[in-house]
């Protein structure tokens, strides 16, 4: 076997190992979210809510506000941090995670996940990619390359009550 073939196989194996590690971290985040939701469901089951709705257990349903139904540069098999980066690049400004979830749900990314789980997975993925993302205020994320003081619609992130977590 020639060296190029060996190098190619090694590169493919490295890629698989890196992807497996990313998926393992995503699974840990999902498992933590699942434990939290199960705990909340148990708490609510003690009340009148025998079959609680998504709103009762804190899941915010994404509302379709129209607009572009695709996110540029986002493939169906993109990781959570790739999805968050694509949304931020498309909007060109810092965003709250909840707003990212709405954009992604309109593009049908993560359609098999409940919105709250997608929210938590995005938050976790961005927190682990500090070389790409920067948390600029509670729940508001920016691309690190945008610098120290990005704004949302011309206002500082903490001062825009129109964006809710």
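Sort 81, 119, 15 so the one with the fewest other Cβ atoms within 10 Å of its own Cβ comes first.
15, 81, 119
Between rounded, prolate and oblate, where does the range 73-129 land on the alpha carbon gyration tensor, with a ≥ b ≥ c its root eigenvalues, rounded for a/c under 1.5, else prolate if a/b exceeds b/c?
rounded
By count of other Cβ within 10 Å, fewest leading, how are 141, 146 ordered? Don't skip to the end; give the middle numbers.
Details: 141 27, 146 15.
The most exposed by this proxy come first: 146, 141.
Every number in this text was worked out from the coordinates using simple rules, so none of it is lab data. The shown structure was predicted, so the numbers you read here are calculated from the model rather than taken from an experiment. Neighbour counts run over all protein chains shown; Cβ positions are idealised from the backbone, glycine included.
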